[in-house]
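Below you'll find the structure, written out as C-alpha cells, and then a few comments.
Read-outs: derived from the displayed coordinates by stated rules, not from any lab. Worth saying up front: this structure is predicted, and the values here are computed from it rather than measured. Cβ placement follows ideal geometry from the backbone for every residue including glycine, while neighbour counts extend to all protein chains displayed.
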Amino acid sequence: MIDVVDAHHHLWVLGTPGQHYAWLEDAPVERFHGPDAPLRTDYELDDFRADAEGLREIGMRLVGSVHVDAGASDGVAEARWISQLRESEGMPQAIVAGADLLAADAEERLRALTDIPGVVGVRHILNWHPDPRFTYTARADIISDPVWLANFAALVQAGLSFDAQVYPDQYADLARLARQHPEAQIILNHTGMPIGRSDDEIARWRVQLRALAAEPNVSIKISGLGMVDHRWDAASLRPFVREAIEAFGAERAMFASNFPVDKLYSSYAQLYTAFDELTRDASASERGALFGLTARRIYRMGLLGPSRQETTR
C-alpha cells in the first residue's frame, strides 16, 4: 500500500457571503484549461475524499493533503475556513493561502495568515502570457516590482514558503529571486506549466527547468499537466514527469492532483496510476518521497500545530 500526500488540491463553496471566486462565479471566458462548467459547483472535503477513494483500487491510500488557494476574493477568510476543516476533520493538514503581494495591505494580511493554524505558505499567481487565454495577470514584471519584492521579503521573514505559478519564460526571474533569498522555500507549481508542445518548445522548457533546478531552495510539484494536455495518457506525460524528477531529484519533487481542476481530464485513480507507471523503475525511497514524504517535509507537516488525526475512509 502506497501512502499518498496530495501536495496540491482545492476546495470551494460558491455563493459564500463575503467571498467570491471570480473565475467560477463570473461569466465564463475562454481559457486554456477548456470548458469548465463541471467546476462551477461546490467542491467540498467530502467530494475530495470521495474522488481520492479511487486510490484504493490501485493499492494506494490518501493520508494527507495540502490545500492551495482556489482564487477566493479574501485569501485570509479562505485560509480560516480551511483551518477549521483541518481542526474538525483532520484534513487538509497544510494550507497555502492566497495573497496579493502587490496589495497595499499585503503585510497586514501576511501577519494575519501566520496566526492561522496550518498555514505554511502563500501563493500569488504570476503567470503572464501575451495570449489572453493563458495569462493570469496584466503585467509581465510583477516579480521584479519593488513593492512585490518587499512583501516577498516580509513573507520569508514570517517563515512562510512561496508557491510559484509561472510559465517557463519566467523561470529565470524566479531563479534570481531564489538566489536573492536563499533562506526562502519556493515551490514551482504544476510541473512549471510547460504549455508549448512543439519539439523546440519542449527542448527549451528542459533547459529552462534545469537552470531553475540548480537553485537548491526550489522544489517542484508534478501536477496540472492535464490543463494543457486534455487527452493525456502516460506516454504523453512521460517526458514532463521524468524530466522534472531528473532535474530536481525525488527529494525536491512531489506528486499532486490539482483536483478538482484536473478532474476535467481524468479520475483521481487514473492520474495516480500514471504516476505509478512512470516511476516503476525508481527505488522504494524515491517513490516514497514522490508520493508523500517530500510534501511532508517541504510543507513542514510534521511540525504543524495539533489537528485531529486524519483517518482514511
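Annotations for the structure displayed:
- Rounded to the nearest whole Hz, the Karplus-based 3J(HN,Hα) values (6.51 cos²θ - 1.76 cosθ + 1.60, θ = phi - 60°) of the range 187-198 follow the sequence 10, 6, 7, 6, 6, x, 6, x, 7, x, 10, 6, with x at glycine and proline.
- Each pair of Cα atoms in the range 164-226 enters the Kirkwood radius, and Stokes-Einstein at 4 °C and 1.567 mPa s then converts it into a translational diffusion coefficient of 110 µm²/s.
- A cut-off of 5 Å between modelled amide H atoms, ignoring neighbours fewer than 5 places along the same chain, links Ser219 with Ile186, Ile187, Leu188.
- One Cα centroid belongs to the range 165-200, the other to the range 27-44; the line between them spans 25 Å.
- Qualifying trypsin sites (Lys or Arg not before Pro) in the range 161-265, DSSP loop, other Cβ atoms within 10 Å at most 12: Arg197, Arg231
- For Pro168, neighbours were defined as the other residues whose beta-carbon sits under 13 Å from its Cβ, and their charges (Lys and Arg +1, Asp and Glu -1) total -1.
- Globularity index of the range 1-120 is 1.14 (Cα radius of gyration / 2.2 N^0.38 Å, N = number of residues).
- The chain, helix-only ellipticity at 222 nm - DSSP H runs n ≥ 4, -39,500 (n - 2.57), divided by all residues, nearest 500: -10000 deg cm²/dmol
- One decimal place: the segment Thr114-Leu14 gains 33.5 nm when fully extended, by the rule 0.36 nm per residue minus the C-alpha distance.
- Counting every other Cβ atom within 10 Å of each residue's Cβ, Ser283, Ser266, Ser83 order from fewest to most as Ser283, Ser266, Ser83.
- Remark on Phe259: its backbone amide H falls under 5 Å from those of His10, a criterion applied only to residues 5 or more positions apart or on other chains, H modelled at 1.01 Å from N.
- 3J(HN,Hα) along the range 98-111, derived from phi through the Karplus expression 6.51 cos²θ - 1.76 cosθ + 1.60 where θ = phi - 60°, amounts to x, 7, 8, 7, 9, 5, 5, 9, 4, 5, 4, 5, 4, 4 Hz, with x in place of Gly and Pro.
- Separation of the Asp169 and Arg204 label points, Cα + 7 Å toward Cβ, nm: 0.7
- Antiparallel beta bridges, as assigned by DSSP with both residues in the chain, represent about 5 percent of the total such bridges.
- Loop-resident sites, the range 43-124, for GluC sites (Glu not before Pro), counting at most 14 other Cβ within 10 Å (DSSP): Glu44
- Label-to-label distance, Glu107 versus Arg179, with points set 7 angstrom from Cα along the beta-carbon direction: 2.8 nm.
- With K and R counted +1 and D and E -1, the other residues having a Cβ less than 9 Å from that of Trp23 yield a net charge of -2.
- Options (1) 0.92; (2) 1.04; (3) 1.11 - which one matches Cα Rg over 2.2 N^0.38 Å as calculated here: (1)
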